[in-house]
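Asks: Input: one structure, supplied below.
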Amino acid sequence: VRAGDNPYLLELPIPYNYPLLACTAAVPLTFLPEPLVHAGWFLATLAAWLCTAGLLVRRLPPFKCHVWRPELWLPLAFGSLLLFGQIQNHLLNGQTDALVLLLCVLFWIDWHEGRNGRAALWLGLGVSLKLVPALFFVPLLMRRSWSVLGLTCMWVVVLSVALPAIFLGSGVLPAYEQYARTFLLAQLHGSVGSDPYGHCFTLYGTIAWLVP
């Protein structure tokens, strides 16, 4: 993107399959040393997960018993163990899921507390990073939250089209045409078992790697 090239045409081990905001926002990082970028993104991912957990826990009813009782922390420990593979995959490969999850939680909280402008910004950022948060358009339509939906779409256009156009110019539309043809349509019509991203790490794989 920094060179004005279409990121969807690059030959990579794992093809780039996100909207253009992610690679556009990463342009300033190209001026930094690579180890610093890796360390910074790792810490930012951990911070996003901690912030998400903090936002959710703060909205739980206060505990009326000792926090360290087994019936409280054992389910958390067991759930963390089950999710270990996915968490490790995100941390090792620099995934955006933790940040997207934080944006979704911020949207949901602000929307339910009547802060529609901020809610639209969070959801617009989430959709511009990864298409999955667009599922929140369904409750917005069901609740007839037209102002939030309209503002969200405006932010998606600004972040996913106008901002990348600074580097790609008129090449933004051909880039999205390539994205829709090679990724979106392939996901809709692909056969079972044809997913090229079935490489997520598992707990068993990690143990086998640590203990050959």
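The values are calculated or read from the model by the stated rules, or taken from the named source; none is laboratory data. Owing to the predicted nature of the structure, the values given are computational and were not obtained by experimental measurement. Don't worry about glycine lacking a Cβ; one is built from the backbone with ideal geometry, like all the others, and counts go over all protein chains shown. Quick note on the areas: whole protein, heavy atoms, side chains included, nothing else; ligands and nucleic acids left out. Shrake-Rupley method; radii C 1.70, N 1.55, O 1.52, S 1.80 Å.
Asks: Testing residue 119 on (1) under 12 Å from the mean Cα position of the chain (by Cα); (2) among the small types (Gly, Ala, Ser); (3) open to solvent by less than 20 Å² (accessible area, probe 1.4 Å), one condition comes back false. Which one is that?
Replies: The failed condition is (1).
Asks: Moving on. Condition check: modelled with pLDDT under 80, part of a helix (DSSP H, G or I) and hydroxyl-bearing (Ser, Thr, Tyr). Does residue 16 satisfy that? First the steps, then the outcome.
Replies: On the way: modelled with pLDDT under 80: yes; part of a helix (DSSP H, G or I): no; hydroxyl-bearing (Ser, Thr, Tyr): yes.
No: the conditions fail for residue 16.
Asks: Another question about this same structure. Among the listed residues 97, 110, identify the single one that is within 21 Å of residue 40 (Cα to Cα) and either surrounded by fewer than 21 Cβ atoms within 10 Å (Cβ to Cβ) or out of contact with any Ser or Thr (no Cβ under 6 Å at 6 or more places or on another chain) (or both).
Replies: On the way: 110 fails: within 21 Å of residue 40 (Cα to Cα).
Among 97, 110, only 97 is within 21 Å of residue 40 (Cα to Cα) and either surrounded by fewer than 21 Cβ atoms within 10 Å (Cβ to Cβ) or out of contact with any Ser or Thr (no Cβ under 6 Å at 6 or more places or on another chain) (or both).
Asks: Can you name every residue in region 98-150 that is hydroxyl-bearing (Ser, Thr, Tyr) and part of a helix (DSSP H, G or I)?
Replies: Residues of region 98-150 that are hydroxyl-bearing (Ser, Thr, Tyr), as a first pass: 128, 145, 147.
Of everything in region 98-150, those that are hydroxyl-bearing (Ser, Thr, Tyr) and part of a helix (DSSP H, G or I) turn out to be 128, 147.
Asks: Kindly list, by first and then second residue, each pair from a residue in region 135-158 that is within 24 Å of residue 20 (Cβ to Cβ) to a residue that is open to solvent by 80 Å² or more (accessible area, probe 1.4 Å) and modelled with pLDDT of 90 or more, limited to pairs with Cβ atoms under 8 Å and residues at least 6 apart or on different chains.
Replies: 136/108; 149/141
Asks: Is one or more of the residues making up region 3-14 within 13 Å of residue 95 (Cα to Cα) and either touching a residue at least 60 places away in the same chain (Cβ under 8 Å) or among the aliphatic types (A, V, I, L, M) (or both)? Outline the logic, then answer.
Replies: So in region 3-14, the residues within 13 Å of residue 95 (Cα to Cα) come out as 14.
Then drop every residue that is not either touching a residue at least 60 places away in the same chain (Cβ under 8 Å) or among the aliphatic types (A, V, I, L, M) (or both), which leaves 14.
Yes, because at least one residue in region 3-14 is within 13 Å of residue 95 (Cα to Cα) and either touching a residue at least 60 places away in the same chain (Cβ under 8 Å) or among the aliphatic types (A, V, I, L, M) (or both).
Asks: Among the candidates 50, 43, 10, single out the residue that is closer than 28 Å to residue 134 by Cα and surrounded by 12 or more Cβ atoms within 10 Å (Cβ to Cβ).
Replies: On the way: 43 fails: surrounded by 12 or more Cβ atoms within 10 Å (Cβ to Cβ); 10 fails: surrounded by 12 or more Cβ atoms within 10 Å (Cβ to Cβ).
Exactly one of 50, 43, 10 is closer than 28 Å to residue 134 by Cα and surrounded by 12 or more Cβ atoms within 10 Å (Cβ to Cβ), namely 50.
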